[in-house]
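Shown next, in structure tokens, is the structure this report addresses.
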């Protein structure tokens, strides 16, 4: 089937271009032109307006949010969203002397083409980009109404192509099916036609990419319609007010995608902010054993194991503003730490006043350091050594060796 589809792509570019135009004209990329364009969720009949509909009343928040990694977490493939290089000499991932994948640009489309002994044997397009590129990206392609992962991904820290996580480097694969749970955490909505085990089929024209406003505030078509008709009403209607949620409800909203592996007991996209997560899926780990929690993907479990969390009313929004891109801003996060830890002196470190100030402006590199993942290990282009992905741990604590190394650097 895949080879057949490839032949269609090669011989019917005009038809393909028309289909793409129709696709992008129908995909729910959040437009609001005086009328609300909405789609049913398929669960409770609620309808999405598209996050651009929020801009007329919440312009500053909207314009800030669209720059965040959440909002950019998935997109239809296009030049401006794919981070890796297609320049000759930088556009290959070599498996061994017989096998390689070449990253190719053909007119306005991008492909991953596998070669065996110099002969092309398979080529598939970049159809969807997963990941903002802040840490990395992986890529998906359509085969009928199913999604598959391409064999080569991109690793931002080294600015290079790498094997897609979990894919062997002994042979080239294009056969990993993307289940609906992946889109549930990397997008706002997808209409799932059939969902059996890990095999999911989708309606391509009903996908909302990225983690947008409605992922956290709920489908907003009714909210937009009401306030368009009642512009003087200042109380938000038909929308989730995060401030009115309990601590656990707020945590569950983040834990849907930040609590590691979970076993689904309700259909994907049925969970809405304010629901009890445990009624939709069951955690695949024990929160009592921190050693079982990998830094990649289980920020919720690690935070729950932290003394800071246990002795306070912290939730994720205590430190994270989801409307703002605050990546790589240790001073901002440290100020939030110091709101509670005002009496921190670092007296045992024998530092000067200037050195203490440096530490006070960077609490997280000592108390929430970047640690290697045990689950995500990558083989990068032009290197024989595997590289573990590094992720900032959310187990807040004292990491003496890391702190001592940081102190050595600032006292030189």
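At a glance:
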quantity	calculated
Estimated FRET transfer efficiency (residue 361, residue 261; beta-carbon r; R0 30 Å; 0.05)	0.25
Gain on full stretching of the segment that runs from residue 56 to residue 375 - 0.36 nm per residue minus C-alpha separation	110.6 nm
Fully extended contour minus Cα-Cα distance, from residue 113 to residue 317, at 0.36 nm per residue	69.2 nm
Debye-sum result for segment 315-411 in log10 I(q)/I(0), which assumes one identical scatterer on each alpha carbon, at q = 0.14, 0.25 Å⁻¹	-0.65, -1.38
Distance between segment 325-355 and segment 134-160 - C-alpha centres, whole angstrom	37 Å
Net lengthening on full extension, residue 346/residue 196 (0.36 nm per residue, minus Cα-Cα)	48.5 nm
Relative contact order (percent, whole number), segment 315-411, Cα cutoff 8 Å, 6+ residue spacing	24 percent
Prolate/oblate/rounded call for segment 260-394, Cα gyration tensor, a/c under 1.5 rounded	oblate
Two-site label geometry, residue 384 and residue 401: point separation in nm, points 7 Å out along Cα→Cβ	2.7 nm
Separation of the residue 98 and residue 134 label points, Cα + 7 Å toward Cβ, nm	4.2 nm
Estimated FRET transfer efficiency when R0 is 35 angstrom, pair residue 307-residue 145 (beta carbons, to 0.05)	0.15
Whole-Å semi-axes of the ellipsoid equivalent to segment 37-139 (Cα gyration tensor, √5λ, descending)	37, 16, 11
FRET efficiency, residue 332 to residue 171 (Cβ-Cβ, R0 51 Å, nearest 0.05)	0.70
Paramagnetic reach from residue 285 (point 7 Å along Cα→Cβ, amide N under 12 Å) across segment 376-395	376, 393-395
Contact order normalised by residue count of the chain, Cα under 8 Å, 6+ apart, percent	14 percent
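A short reminder: the numbers here are calculations on the coordinates, not readings from a lab. Only a predicted model underlies this, so the values are computations on that prediction, with no experimental measurement involved. Methodologically, a virtual Cβ is constructed for each residue, glycine included, from the backbone with ideal geometry; neighbour enumeration extends over all protein chains shown.
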